[in-house]
Amino acid sequence: MDLCVIVLLSLCGLLQGQETTDPISLDDCCKDGKDRGQESQDCTRLQLISGSITCRIAQEQCCATVHDDNICTSGINKAKDQGSCDFSGSTCETKTAKMCCECCLLGRAAQERGLSCDLTLAVGYQCGVVSRACCVDRLPNVDGTPDLQPSQGDALNTEDQCRAAGCAQRCLNGTCACLVGYKLKADRKTCEDINECLLGSHHCQPGERCINTLGSYRCQREVSCGTGYELTDNNKCEDIDECETGTHNCAAELVCQNTVGSFRCRPRVQCGAGFIQDALGSCIDINECLSQTGPCPPGHMCFNTVGSYTCQRQSVNCGRGYHLNAEGTRCVDIDECAGADNSCDGHGCINLMGSYRCECKTGFNFNSISRTCEDVNECRNYPGRLCAHKCENILGSYKCSCTTGFKLAEDGRNCDDLNECDSNPCSQECANVYGSYQCYCRRGYQLSDVDGITCEDIDECALPTGGHICSYRCHNTPGSFHCTCPATGYTLAPNGRSCQDIDECVTGTHSCTESQSCFNIQGGYKCLNFDCPVNYRRSGDTRCERLPCNQSSECLALPVRITYYHLTFPTKIPIPTNIFRMGPSNSALGDDIEVAIVDGNQGGYFAAKRLDHGGVLVVQKPITLPQDFEISLEMKLRRFGHLSVYLFKIRLFVTPDELSNAITE
C-alpha cells in the first residue's frame with residue numbers, strides 16, 4: 001500500500017509540472033477522489049470536477065487507493081478476529097482481501113516464533129507491508145520509538161549525536177524516534193504515518209467508520225442522524241434549531257418554537273388568563289365551572305363569565321339541566337325549549353328532563369356534544385355525485401353551478417353546452433364547440449391576434465409575396481384585391497394578374513400612315529418605312545436590288561442587295577445570344593464568306609461571327625436599358641472568283657425586361 005501512495009504522489013508531482021493553468025489543484029482532485037472512495041463509489045465512473053486529464057487521473061487513482069485500503073483492511077480485520085481467511089468468490093476485491101488476510105497471518109506467525117518482522121520471503125511489496133504491520137502491531141512498542149535510557153556517560157554527547165543522526169521528528173541519545181501515531185521507516189531516520197484503520201488499532205464503536213489521518217484517526221458515523229439533527233465535530237447528533245437558522249416554514253402571523261428534532265408554529269398573539277387558544281389562534285373562553293375540581297369552595301355554585309367565573313353560596317346543588325326553584329328549596333327541570341329563541345336556534349326542540357333534544361331540519365345534523373344543529377356540507381360528503389361541474393354548499397342545502405361555456409340544466413344539477421354563437425360574439429363567422437366557441441373569417445380576412453373575434457382585412461398587396469401577385473400594379477380591396485396594367489400597350493390577362501402586350505398592328509389601333517409599316521413591340525409599336533438609295537430599286541416590302549452597273553468598278557463594289565429586318569427583344573437577355581442568322585440561299589464548293597458590322601455598333605453590344613455557310617449576329621454585352629439600334633451587317637461572298645456583297649440593315653428595338661416595379665395600393 002505504501003508503494004501505491006509513493007507512486008501516486010510522484011504522479012501528482014509530475015502532472016502538476018505539466019498542468020499549471022487549471023484553477024483546481026491536484027490536491028483538490030485527489031481529495032475529491034479519496035472522499036468518493038470512502039463512499040464506495042465506482043472509481044472508473046466518477047463525476048469529474050475539472051476538464052483536465054491530469055485531474056481525472058488524480059481523482060481515479062486516489063479513489064482506487066482508498067478503495068483498495070478499505071478492502072485490504074477488511075482482510076486484515078478478518079485475520080485478527082477469526083484467524084482464518086475463508087473467502088468465497090473470485091472477484092478482484094475478494095482476491096485483494098484474501099491476500100491481505102493471509103499476509104497478516106504470516107506477520108503474526110513471524111512474531112509468535114520470534115522472527116524478524118521484515119520478511120525475507122519473495123512476496124509482493126503490499127504483502128510485505130501488511131505482514132510487517134501485523135507483526136509490529138503485536139510488539140510492545142508499535143510506534144517505532146525505541147525504549148532507550150541514556151547512560152550517564154553518553155549524556156554529554158547526546159546533542160552532538162542527535163545533530164549527526166538527522167532525525168525527522170525525535171532523537172533519543174542519538175537514536176531517531178517518532179511521535180505518537182508515526183513509525184520509523186527503513187532508513188531509521190524519517191517517520192511515516194501509522195494507518196490505525198489498516199492495523200485495526202483504532203477504537204471506533206460499532207456503526208462508526210475509521211478514517212485515517214496524519215498521526216491519528218477519526219471515527220465517523222455510518223448512519224446519518226436523521227431529519228432535524230446534524231452531526232457535530234465530536235461525532236454526536238445535535239438538534240438543529242430551525243427557528244434560529246431560518247429553515248422553518250411558519251407563516252408571517254405565526255412564531256416559530258424549536259423542539260427536539262423539529263419545530264412548531266404558534267400564534268404570535270397570546271390569550272390572557274381565562275382563555276385557551278385554538279389551532280387558528282382564536283381565543284376561546286375557558287368554562288372553569290366544568291373542571292373536575294370546581295374552582296368554588298364547597299357549598300357554592302360556580303357561574304362562568306367571559307374570561308373568569310363567579311361563586312355564589314347555594315343551599316341546594318342542582319345538576320346540569322336543573323335549577324333552583326324560586327323559593328330555592330328544590331331543583332326543577334330547565335325548559336330549554338321555552339321561548340321563541342330556544343336552544344335549537346329555529347329548529348324543532350323537544351324538552352327532556354334535565355336536558356333537551358333538537359329535531360333538525362333537512363340539511364342539518366344534530367351534534368350531541370355541542371347540542372346544536374350543524375349544517376351538512378353535502379358537497380364535501382358526496383364529492384362528484386351531486387353536481388356535474390361545481391358544487392357550492394349553502395346553509396341547509398347546496399347549489400350547483402357550471403364552468404364557463406355551459407349553463408345549468410333544468411334539473412339543477414347537470415350542465416348543458418351554451419351556444420355562444422347565438423349572441424353573435426364574432427364579427428363574421430362563429431362555430432360553436434363543446435364548452436366554448438371559435439371565430440373564423442371569410443376569405444380575404446384574418447382573425448385579430450388582439451381579441452380573437454374581430455376579422456381584419458388581409459392586405460394581399462402588402463404580403464411578402466405581394467409584389468408577385470400582380471405583374472404591374474396591385475390594389476387592395478376589403479377582403480380581396482385586383483390588378484391593373486399600364487394605361488396603354490397592355491391588357492389584363494384572363495388570370496386577372498398578368499399583363500399581356502396589345503398587338504396594335506393586328507388590332508388596327510396604331511397611327512401609322514399608309515406609306516409606313518406597323519411593327520409591334522412589347523407595350524407599344526413602331527411605324528417604319530424605308531427608301532432605297534441611289535442606283536437601287538425596291539423589289540419587295542423589305543428589299544432593295546442594285547441596278548445594272550455596265551461593268552463600272554464603283555458600281556460593282558456596291559452591295560448586290562440591301563435587305564431590311566426588324567427585331568425586338570427584352571433587356572437582360574442571356575449573354576451571348578444569337579439574334580440574327582445570314583447566309584447564301586445555296587452553297588457551292590469553295591465558297592468564301594466574310595461577315596462584319598459596318599455601322600451602328602458604337603456601344604460594342606454586338607459582334608458578327610463566321611459560321612459554316614454563313615454567319616450570325618451575336619449580343620455579346622448586357623443591355624440593361626431599353627433603346628433602339630440600327631445595325632448595318634455586311635456579308636461578302638466570293639464564289640468561283642467572283643465577289644458579291646450583301647448588306648443587311650437590322651433595326652433592333654430593346655424593350656424592358658419586365659414591367660416597371662410592381663406598385664401596391
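Bridge orientation summary for the stretch 475-581: considering DSSP beta bridges with both residues in this region, about 100 percent are antiparallel.
In the chain, the DSSP-assigned H stretches of four residues or longer account for a calculated mean residue ellipticity at 222 nm of -5500 deg cm²/dmol, using -39500 (n - 2.57) per stretch and the full residue count as denominator. Residues whose amide H comes within less than 5 Å of that of Glu429, counting only those at least five positions distant or on another chain, are Tyr440, Arg442 (H built at 1.01 Å from N in the peptide plane). For Ile623, the residues whose modelled amide H falls within less than 5 Å of its own, excluding neighbours fewer than 5 places apart on the same chain, are Lys572, Ile573. Positive-end ranking of Gln551, Ser370, Gly384 along the dipole of the chain, with charges on Cβ about the Cα centre, is headed by Gln551.
For the chain, the relative contact order is 4 percent, taking Cα pairs closer than 8 Å that sit 6 or more residues apart in sequence and dividing their mean separation by the residue count.
Evaluated with a Cβ-only charge set (Lys, Arg +1; Asp, Glu -1), the stretch 379-418 carries a dipole of roughly 240 debye about its Cα centre, given to the nearest 20. Under a Cβ-Cβ cut-off of 14 Å, what is the net charge of the residues other than Met582 that fall near it, where Lys and Arg count +1 and Asp and Glu count -1? Surrounding charge for Met582 is +3. Placing unit charges on the Cβ atoms only, positive for Lys and Arg and negative for Asp and Glu, gives the chain a dipole magnitude near 2200 debye about its Cα centre. For the chain, hydrophobic long helices are taken as DSSP H runs at least 15 Å long by C-alpha position along their axis with mean Kyte-Doolittle hydropathy of 0.5 or more; these are 2-18, 125-137.
Neighbours of Met635 by Cβ distance under 15 Å: Lys/Arg scored +1, Asp/Glu scored -1, total +4.
With an 8 Å Cα cut-off and a minimum separation of 6 or more residues, compute the relative contact order for the stretch 440-572 in percent.
11 percent
Each of Leu625, Leu199 was scored by other Cβ atoms within 10 Å of its Cβ. Listed from fewest to most, they are Leu625, Leu199. Counting every other Cβ atom within 10 Å of each residue's Cβ, Leu115, Leu652 order from fewest to most as Leu115, Leu652.
Specify which residue in the list Thr513, Gly37, Cys256 is farthest towards the positive end of the charge dipole of the chain, using unit charges on the beta carbon of Lys, Arg (+1) and Asp, Glu (-1), about the Cα centre. Checked the options; the winner is Thr513. Sorted fewest first by neighbouring Cβ atoms within 10 angstrom, Val255, Val332 come out as Val332, Val255.
Taking the Cβ of Ser539 as the center, what net charge do the other residues with Cβ under 11 Å away carry, scoring Lys and Arg +1 and Asp and Glu -1? Mind dumping the intermediate values first?
Values: positive: Arg537, Arg538, Arg543, Arg546, Arg561; negative: Asp541, Glu545.
Overall, the nearby charge balance is +3.
Packing around the peptides 355-366, 581-592, 30-41, taken as the average count of other Cβ atoms within 10 Å per residue, puts them in this order, highest first: 30-41, 355-366, 581-592.
Just need the relative contact order of the stretch 532-655 here, percent rounded to a whole number, with Cα pairs under 8 Å and 6+ apart.
Result for the stretch 532-655 is 30 percent.
In this structure, the amide hydrogen of Ser517, modeled 1.01 Å from its nitrogen in the peptide plane, lies closer than 5 angstrom to those of Leu528, Asn529, counting only residues at least 5 positions away or on a different chain. From the coordinates of this entry, Rg/Rh (Cα atoms, Kirkwood Rh) is computed, and it appears in [x] 0.98; [y] 1.06; [z] 1.37 under the label [z]. Counting only residues at least eight positions apart within a chain, or on another chain, the lysines with an alpha carbon under 27 Å from that of Lys649 are Lys526, Lys572, Lys609, Lys621, Lys636.
Taken together, the values in this text are just the output of simple stated rules run on the coordinates, not laboratory data. Just so it is clear, the structure is predicted and the values come from calculations on it, not from any experiment. With ideal geometry, Cβ positions are generated from the backbone for all residues, glycine too; neighbour counts draw on all protein chains shown.
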